[in-house]
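Encoded as structure tokens, the structure appears first; notes follow it.
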Amino acid sequence: MQIVVLNGTLTEAEQDAYVRQVTAVYPVSIIEKLFLDVQDDRVDVRCDLHRFRNLRKMGGYCIGEPSGWNRAKQAELRDTIPNPID
């Protein structure tokens, strides 16, 4: 996790306290960047969460995210009948 402190300074202990607060709010997410914006007597906290890609496999090949496909490939995905898992 990258910690970016803006408009001031924070001690390591203060930064660790903000990291604990954010990880408590997002317990199952991976936080890529944590922005701590120091504003006089308060600190604004913003974070960028890791975005997991929705990869698909079609025809035996891993072909990426459906949002980047053309309309024909997206229609093929909609028409595909998934195999049941027993």
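Values quoted throughout were computed directly from the atomic coordinates according to the rules given, and no laboratory measurement underlies them. Since the structure is predicted, the reported quantities are computational estimates derived from the model, not experimental observations. Don't worry about glycine lacking a Cβ; one is built from the backbone with ideal geometry, like all the others, and counts go over all protein chains shown.
Quick look at the values:
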quantity	calculated
The stretch 43-53: number of residues that are basic (Lys, Arg) and either surrounded by 11 or more Cβ atoms within 10 Å (Cβ to Cβ) or touching a helix residue (DSSP H, G or I) at 6+ places or on another chain (Cβ under 9 Å) (or both)	1
Looking only at the stretch 1-42, and only at residues there that are of a type in the set (Val, Ile, Thr) and part of a strand (DSSP E or B), the one that is surrounded by the fewest Cβ atoms within 10 Å (Cβ to Cβ)	Val4
Hits in the stretch 62-81 (condition: exposed (fewer than 11 other Cβ atoms within 10 Å of the Cβ) and closer than 17 Å to Phe52 by Cα)	Cys62, Glu65, Ser67, Gly68
